[in-house]
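**Student:** Could you have a look at this structure, given as structure tokens, before my questions?
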Amino acid sequence: MAAVSIIVPCYNHAPFLQQRLDSILNQTFQDYEIILLDDHSTDGSAEILQQYSNHPRVSHFVVNKKNGGNPFLQWQKGIDLAKGQFVWIAESDDTSDIHFLEMLAAKLIADERIGLAYCRSQVIDADGNRVENKSGLTDNLDISLWKNDFILESRRQIDNNLFLRNFIANASAVLFRKNILTQSEWNAGTFRYVGDWWAWYAILRSSSLFYFAQAYNSHRNHLQTTRTKKNTLPYIIEKIILYKMILDTSVIDRKNKEIVFNRLANRLVSTHGVSFLLLSRVGLTLSCRITKMDYLFVFRVIRRGISKRV
């Protein structure tokens, strides 16, 4: 049985697939299986994946008959097929250093307390050129912490950092223990945009985190990336619901609550001109299931933010 299951979920990433797959096959750590998943691509991606499907490292090649509409459903499909102790969601438009698995797997193997290891990501454009990273992933956090390798073991510190923002750049930079996620409350169908954030939170509720300051991962930023949708109302509403879930299960410092709620209100007002009238239509824009209690929470957060700016 392979130590690592590498899940490659793909949708219309034909231009990037060869570089992605070659970066996997050339890893210095070779104890792995590859699970290739195509979500009904229309650009020839499935045909490219087919060329790799007979490679001895490839254990599964699955092409959806129709698009699932949610990338985390592909995560779940891959995790269900995975035989490895550790899982790497290797996004099909990203690429990696050949030492990625060697470095991250070593930490998970050496210390069972670590449920998730991840590294710094170098941002690249569609052509593979390095670009300056201005993502703000560590805004409001202790930025000095990310200058060197570190381990986070404090439950409160992890919760508060993840509440402030999803500081993990992208899934391709992460290696995690499969059993911790599968035994958690994480559900792939709940969120369309912040399912990764919830996955990291679910894993780290019962384990520690290790960070490598070296960029063993290259995250590709282009027009199709989910990050380009982060100012949409459905994405912001999903974030608010996730904040509620964290608040329900964690101890969050008051100052961090103020930072998050003010930031959300600023974005809603500046980007969408949110008014009280819009609140009546919020339910129609949601891309995930929402309870009446969640809806009331969203309403209160937005109303609170708007009232401070009137």
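**Student:** Quick test of your reading of the structure: ALA2 fulfils all but one of (1) among the hydrophobic types (A, V, I, L, M, F, W, C); (2) more than 24 Å from ILE180 (Cα to Cα); (3) touching a strand residue (DSSP E or B) at 6+ places or on another chain (Cβ under 6 Å); (4) part of a loop (DSSP other than H, G, I, E, B). Name the failing condition by number.
**Tutor:** Result: ALA2 passes all but (2).
**Student:** Test of understanding: among LEU101, LEU81, LEU49, LEU73, which residue is over 27 Å from ILE124 (Cα atoms) and not aromatic (Phe, Trp, Tyr)?
**Tutor:** From the options LEU101, LEU81, LEU49, LEU73, the qualifying one is LEU81.
**Student:** Moving on to the next point. Determine the pairs where a residue that is outside any strand (DSSP E or B), located within the range 112-130, has a partner that is among the basic types (Lys, Arg) with Cβ atoms under 9 Å apart, the partner being 6 or more residues away or on another chain.
**Tutor:** Hits for this filter: GLU112/ARG177; ASP125/ARG220; ALA126/ARG220; GLY128/ARG220.
**Student:** Out of the residues in the range 140-198 that are of a type in the set (D, E, K, R) and assigned to a helix (DSSP H, G or I), state the one that is farthest from LYS244 (Cα to Cα).
**Tutor:** Per the stated criteria, the residue is LYS147.
Rundown of residues vs (1) at pLDDT 95 or above; (2) under 17 Å from LEU162 (Cβ atoms); (3) out of contact with any helix residue (DSSP H, G or I) (no Cβ under 8 Å at 6 or more places or on another chain), yes/no style:
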position	(1), (2), (3)
ALA202	yes, yes, no
SER207	yes, yes, no
TYR211	yes, yes, no
TYR216	yes, no, no
THR225	no, no, yes
ASN231	no, no, no
PRO234	no, no, no
LYS239	no, yes, no
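**Student:** Next question. Out of ALA188, ALA199, which single residue is buried (at least 22 other Cβ atoms within 10 Å of the Cβ) and small (Gly, Ala, Ser)?
**Tutor:** Exactly one residue qualifies, and that residue is ALA199.
**Student:** Quick check on the range 91-98. Is at least one of its residues surrounded by fewer than 22 Cβ atoms within 10 Å (Cβ to Cβ) and in a loop (DSSP other than H, G, I, E, B)?
**Tutor:** Start the filter on the range 91-98 by keeping residues that are surrounded by fewer than 22 Cβ atoms within 10 Å (Cβ to Cβ), which leaves 97-98.
So of that shortlist, the ones also in a loop (DSSP other than H, G, I, E, B) come out as 97-98.
Yes, the range 91-98 contains a residue that is surrounded by fewer than 22 Cβ atoms within 10 Å (Cβ to Cβ) and in a loop (DSSP other than H, G, I, E, B).
**Student:** Now, a different point. Of everything in the range 5-30, what is outside any helix (DSSP H, G or I), touching a residue at least 60 places away in the same chain (Cβ under 8 Å) and more than 19 Å from PHE72 (Cα to Cα)? Give them in sequence order. Full working, then the answer.
**Tutor:** Narrowing the range 5-30 to residues outside any helix (DSSP H, G or I): 5-13, 26-30.
The next check asks that each one be touching a residue at least 60 places away in the same chain (Cβ under 8 Å); those that pass are 5-13, 26-29.
Residues satisfying the conditions are ASN26, GLN27, THR28, PHE29.
**Student:** Let me ask something additional. Filter the range 191-207 for residues that are within 13 Å of ALA117 (Cα to Cα) and in contact with a Gly (Cβ under 9 Å, 6 or more places away or on another chain) and give the result.
**Tutor:** ILE203, LEU204, SER207
**Student:** Given the criterion at pLDDT 95 or above and more than 21 Å from TRP75 (Cβ to Cβ), identify the matching residue among ILE109, ILE143.
**Tutor:** Result of the check over ILE109, ILE143: ILE109.
**Student:** Condition first: farther than 19 Å from ARG220 by Cα, of a type in the set (A, V, I, L, M, F, W, C) and touching an Asp or Glu at 6+ places or on another chain (Cβ under 7 Å). Now tell me which residues in the range 10-37 satisfy that.
**Tutor:** Within the range 10-37, just PHE29 meets the criteria.
**Student:** Before we move on, is ASN187 out of contact with any Cys (no Cβ under 9 Å at 6 or more places or on another chain) and touching a residue at least 40 places away in the same chain (Cβ under 8 Å)?
**Tutor:** no
**Student:** Then there's this: Can you tell me which of (1) surrounded by fewer than 21 Cβ atoms within 10 Å (Cβ to Cβ); (2) touching a residue at least 60 places away in the same chain (Cβ under 8 Å); (3) among the β-branched types (Val, Ile, Thr); (4) in contact with a helix residue (DSSP H, G or I) (Cβ under 9 Å, 6 or more places away or on another chain) is the one THR138 doesn't meet?
**Tutor:** (2)
**Student:** For the range 176-209, which residues satisfy the criterion of being hydroxyl-bearing (Ser, Thr, Tyr) and out of contact with any strand residue (DSSP E or B) (no Cβ under 6 Å at 6 or more places or on another chain)?
**Tutor:** THR182, SER184, THR190, TYR193, TYR201, SER206
**Student:** Mind listing whichever residues of the range 33-57 are in a strand (DSSP E or B), of a type outside the set (D, E, K, R) and within 21 Å of PRO15 (Cβ to Cβ)?
**Tutor:** Residues satisfying the conditions are ILE34, LEU36, LEU37.
**Student:** Select, from GLY69, GLY44, the only residue that is on the phi > 0 side of the Ramachandran plot and at pLDDT below 95.
**Tutor:** GLY69
The values are calculated or read from the model by the stated rules, or taken from the named source; none is laboratory data. Because the structure is predicted, anything quoted here is derived from the model rather than measured. Positions of Cβ are backbone-derived with ideal geometry, glycine not excepted, and every protein chain shown enters the neighbour counts.
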